[in-house]
C-alpha cells in the first residue's frame, strides 16, 4: 500500500477508500496526447509505488521533492505553474552542478511574479534552461520527472503557501512507464516553439 504519513482519522479513511479504489481498478489511466477521446497510456500500478503527502496534515512535500531531484543521475524535467521556493531551486542547481541535465517549464504570467523571477533568474544563472508558455491558457502542470523513472504530480505548487497554508496533495510515483509518459508530454511542450518560448 502507498504511504500516507501522519494522517488524522478522516484523512486516513479517505486514503483507505482511495487505496481500495486503486486496488479494485486493474489499470491506472492517464491521457497524454492532448486530444479529446485520444488514446491513453495505461499501466498496472502497484500501490506500493506511490507516496502521498498532505502538507496541512503536517506532512512535508518539499523534502520529498528535493529527494526526487537529488536522486536523479541523468535528467530532471520540471513543469510547474508557481515556483518561488529557493530550497527547491537550490536542489536543481546542485543537480545541474553534478552533471544532471535540468530543464524547467513554467507559466508565462506566473513568471512575472517578483519572487518567481528571483528563482527563475537563479536557475538561468546556473545554466539551467527555462521556458514559459506563450499560448492563451495556463501552463498549470505541477510535475517533476527524474531519470524517466520517477514522476511527481498533484495540486502542489513549489511555494511556501502550498507547503504551509493550503490544502494540497503531492504524489510521488515510482513507475517508469508513467514517468516516461510524463517525460514524453514534457518533451512535446519543450519542442513546441509556437506555444513555449525561452524565459
Tail weight of P(r) past 18 Å, computed on alpha-carbon pairs of the stretch 55-102, percent = 28
key: Values of log10 I(q)/I(0), in the order q = 0.12 Å⁻¹, for the stretch 48-198 under a Debye, Cα-only, solvent-free model   = -0.44
key: Values of log10 I(q)/I(0), in the order q = 0.11, 0.20 Å⁻¹, for the stretch 72-149 under a Debye, Cα-only, solvent-free model   = -0.25, -0.81
key: Potential extension, residue 195-residue 169 segment - 0.36 nm per residue separation minus Cα distance   = 6.6 nm
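When ranked by the protection proxy of mean other Cβ atoms within 10 Å per residue, highest first, what sequence do the peptides 92-103, 69-80 form? Mind dumping the intermediate values first?
Values: 92-103: 16.8, 69-80: 19.9.
Descending mean neighbour count gives 69-80, 92-103.
FYI, it's all coordinate maths here, none of it is from the lab. All values derive from a computational prediction rather than experimental measurement. Every residue, glycine as well, gets a Cβ built from its backbone with ideal geometry; the counts of neighbours run over all protein chains shown.
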